[in-house]
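Novice: Before I ask anything, let me first share the structure, which is written out below as structure tokens.
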Amino acid sequence: MNQIKRKLSFNQSSKDEIKKLRNEFDRSITCIENLPMEFFYELFDYLDSYAIYKAFSNLNYRFQQLLNSPSLLFKIQIHHSKYKEGHRNNYKQFLRMNMHKIFSIKVCLSMQNDIFFLWFTIKSSLSCLESLRIYDIEPIRLISLLINLASLPRLFSLSIKTCNSYKSLNDIYRLIFTLPTLKWCRFIFHRKNSLFSLPMAINNQRSTIEYLSIRHRCTLNEFYTIISYTPQLRRLNLRHKLEIDSNIRTILPITLSNLTDFSIYIHHIKFDEFEIFIRKICSKLKILRVNIQSRDITFLNAYRWEKLILQFLPQLEEFYLRYYERVSSVYKYPIYNEGSNQFISSFWIERQWIFEAEINSESIIYLIRPYRKRWYENIQDKICNSFLDLSKSIRLTLKYIDSDDIEKLLKVATRRILTVTQVYNLEIPKEKFFIGALIRIVNLLPEVNTLKIHSLSLYEPRMLNSKELFMFSSIEDTSKITNVYLEKMNGIEEFSFLLELCPYMKSFKVDYIKHIDFKFVLRYIFKTIKEDCNDYLCLLCFRIPTVDDEMIRKLKRMINFEKILFNYTIRQISDYIYIEWKEF
């Protein structure tokens, strides 16, 4: 419709064209009018209500009825780009006319442009307001806003994010905890020299909050004070670092009998302190997420975690651990020496909590998280119908590697990651990863059996040196890689390299082939396999967005006519083609 309106305004010189476009516009309106009301209710749920009002209020009586319907509630979004001088009066009029129909408000204005809060007053006439999100607000206006929020009968969700630093948190939290219907609360701000001296809650100060996200610097004592006001908590998220400011053993336990989901970020804390901290929060946790930056290597001790979970978190269903350490020699992190592969005991395998590692620039991240299906599972099923061995699912992901730092990172992988666990799956999402670095990594990780890589660079930034050539020539004695996934093939010769790097490859998968005819790729692959006398590779998988039955028939005719394969099958699953054979 907008395109038609634009055409009308730019073709005033042609009456015939105007008449034609007007008829087209009328037909479009008629088509829209014939759509059921349920369609518009669902559509409006994704749009800013002021934009809806401007677009539909003047069309016809049916849409005016829809906009005035008590069952249609408005979602208001006021942003920097939209809230300009020319729109303010229209916004004011729209909001004042529809106070009783506003369901949610999101305000994102700069500190210099928060005049919105001068004329828009939170009051009880916002009887349907359930959600309020505010980004950047002056401290004095925040206090006034929180006072007025107490008059709202249905405010369930409150989110405040600001770069401001507040002198005192007491008034803010005291006002938040007195909101009568609040269930969901998130508070994000920069804390610098802020005072916090709230006393522990007493019985008549209990808040209705069930989800609380604290995203500012917080000491242990402050944290315990805050959650003393929220006994009905079901989900708790502490996203800023928790600082230990007292003897944790002297703090009394707090019972949060409804708490089932807890996420926490910890900075410079020992495992013994964390263990006591968890014991102090009496709860029935089902989900625990722990994000740690610490020099206490005990956080990678599987037996300590197992003991803590069995004794104090017996109902835990999902466990996420993220342990971060720096690679730089400036940061002296200890080497783990408690024995590798502790995270493949029956305790971890039965719960399907899998250990992984990532190398990202100058950091190593150790992870534990629930197992998610991997790309190679369907491939393995097609080859040998074997069951999934979760003890062999440990994965190393190289998220970012600077070519100048490859030697250092390889040493780190040897000295740190391999002291904790063996690696069986390698993934490299970096584009055009140099084959010399890949040779070194595969040589370093002899137990790797699956390789997933985004794309290769055969010649940049240099040619292979003598050390890499020697590793490449002798890799047949050590390589165990059977499944290879190349997301983007830039050149056909990349297959030859991968077949030499992974001589026992059983399956080869490609998502995208750049400017190469698919039939030519198949001919080249089968010719290379034959010349190499390879008896292992038996499954190819290619993603072809245009695949259809006719393409499958043509491929079969080509294979049969050229006698490329004999005992084979071709199958299409979604937009993937699988070619499998038993003999070459």
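Readers should treat all values here as calculations from the given coordinates under stated rules, not as data from a laboratory. Worth saying up front: this structure is predicted, and the values here are computed from it rather than measured. Using ideal geometry, Cβ is built from the backbone for each residue, glycine included, and neighbour counts are taken over all protein chains shown.
Novice: For a quick protection proxy, order the peptides 418-429, 550-561 by their average other-Cβ count within 10 Å, most packed first.
Specialist: Working: 418-429: 19.6, 550-561: 13.1.
The peptides rank, most packed first, as 418-429, 550-561.
Novice: Please list, in chain and number order, the residues 5+ apart from residue 485 or on another chain whose amide H is under 5 Å from its amide H, with Hs placed from the backbone.
Specialist: For residue 485, whose amide H was placed from the backbone, the distant partners under 5 Å are 451, 452, 453, 509.
Novice: For 260, 450, 546, what's the fewest-to-most ordering of other Cβ within 10 Å of each Cβ?
Specialist: On the way: 260 19, 450 25, 546 7.
Least crowded to most crowded, the residues run 546, 260, 450.
Novice: Now for a different question. What ³J(HN,Hα) values, in whole Hz, does the Karplus curve 6.51 cos²θ - 1.76 cosθ + 1.60 give for region 177-185 when θ = phi - 60°, with x put for Gly and Pro?
Specialist: Working through the residues one at a time gives 6, 8, 5, x, 10, 5, 10, 10, 9 Hz.
Novice: Using modelled backbone amide H atoms (1.01 Å from N, in-plane), which distant-in-sequence or interchain residues come within less than 5 Å of residue 109's amide H?
Specialist: Under 5 Å from the amide H of residue 109 lie the amide H atoms of 135, each far enough along the sequence or on another chain.
Novice: Cβ neighbours within 10 Å, averaged per peptide: list 438-448, 272-282 in order, most packed at the top.
Specialist: Working: 438-448: 19.6, 272-282: 16.8.
Ranked from most to least packed, the peptides come out as 438-448, 272-282.
Novice: Here is a further query. List the pairs from 452/582; 432/519; 480/563; 430/509; 480/509; 373/519 whose alpha-carbon separation is above 19 Å, in the order I gave them. Walk me through the intermediate numbers first.
Specialist: On the way: 452/582 24 Å; 432/519 24 Å; 480/563 31 Å; 430/509 17 Å; 480/509 17 Å; 373/519 31 Å.
Check vs 19 Å cut-off fails for 452/582; 432/519; 480/563; 373/519.
Novice: Still on this structure, please answer the following. Find the relative contact order for region 485-538 and round it to a whole percent, using C-alpha pairs within less than 8 Å whose residues are 6+ positions apart.
Specialist: Relative contact order, region 485-538: 47 percent.
Novice: Rounded, prolate or oblate: pick one for region 420-573, where a ≥ b ≥ c are the square roots of the eigenvalues of its C-alpha gyration tensor, a/c under 1.5 means rounded, and failing that, prolate if a/b is larger than b/c, else oblate. Kindly include the intermediate steps, with their values, before the conclusion.
Specialist: On the way: a/c = 1.87, a/b = 1.73, b/c = 1.08.
Taking the square roots of the gyration eigenvalues as a ≥ b ≥ c, region 420-573 is prolate.
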